[in-house]
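The values are calculated or read from the model by the stated rules, or taken from the named source; none is laboratory data. In this text the structure is predicted, and so the values were computed from the model without any measurement. Here the Cβ positions follow ideal geometry from the backbone for every residue, glycine too, while neighbour counts run over all protein chains shown.
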Amino acid sequence: MVSSVIYTNAQIQSATLQASGLTCSMCSNSIHKALIKLPFIDSVRANIKTSSFDIQFKKELQVDIDQLRKTVEGAGFFVAGLTVNTSVPAQTIEKDAHIELDGRLFHFLNATGQSIAGPISFQIVDRGFVPAKTFKMNRKLTGMSCYKTGVTESCCSQAAGRRIYHVII
């Protein structure tokens with residue numbers, strides 16, 4: 001059981017979203033149009049060759065990670081990967097550490113006493129943010145039951161029922 005949570009006021013600044021199911025430039029355009037409508041998104045740049053979208057977030061608004069996924073799914077596609085970028089104060093992250101960032105709780109699955117500071121990127125590996133095979137493979141990274149549900153449970157130091165995002169560096 002993780003006994004502590006590291007809190008930081010750092011904001012998620014940008015992300016790269018990989019989509020699946022795209023077959024043409026119209027598909028990419030459909031996702032772009034849907035994403036740019038979200039109030040916390042400042043800009044979206046599509047890369048048709050890689051089926052990815054570089055997203056910049058507005059500084060004053062909290063990023064809704066689940067809404068990104070729902071928006072892509074609402075456009076008729078799936079998220080195959082989501083990497084978020086932020087800047088954090090100097091700290092050491094252990095396996096199964098919890099960090100609250102921008103009002104969201106993140107559970108680091110593969111950290112091994114890593115020192116982080118400044119700009120970092122990490123990938124969201126929850127169900128719906130990676131292919132099913134990858135999700136199943138990542139279950140080996142933690143024995144905590146919150147990975148299966150995406151919400152805090154008795155395995156976490158937080159009250160049960162809070163949304164938690166599982167990430168790898």
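Things to note:
- The residues of region 142-169 that are touching a strand residue (DSSP E or B) at 6+ places or on another chain (Cβ under 7 Å) and outside any strand (DSSP E or B), listed by number, are C146, Y147, G150, T152, C156, S157, Q158, G161, R162, I169.
- Residues located in region 123-169, provided they are β-branched (V, I, T) and in contact (Cβ under 8 Å) with a residue 24 or more places away in the chain: I124, V125, V130, T142, T152, I164, V167, I168, I169
- If the condition is being in a loop (DSSP other than H, G, I, E, B) and surrounded by fewer than 19 Cβ atoms within 10 Å (Cβ to Cβ), then region 61-74 contributes L61, Q62, D64.
- Residues within region 97-115 that are surrounded by 18 or more Cβ atoms within 10 Å (Cβ to Cβ) and part of a strand (DSSP E or B), tallied: 9
Matching residues to (1) crowded, with 20+ Cβ neighbours inside 10 Å; (2) in a strand (DSSP E or B); (3) at pLDDT 95 or above:
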{"residue": "F53", "(1), (2), (3)": "yes, yes, yes"}
{"residue": "G76", "(1), (2), (3)": "no, no, no"}
{"residue": "L82", "(1), (2), (3)": "yes, yes, yes"}
{"residue": "K95", "(1), (2), (3)": "no, no, no"}
{"residue": "P119", "(1), (2), (3)": "no, yes, no"}
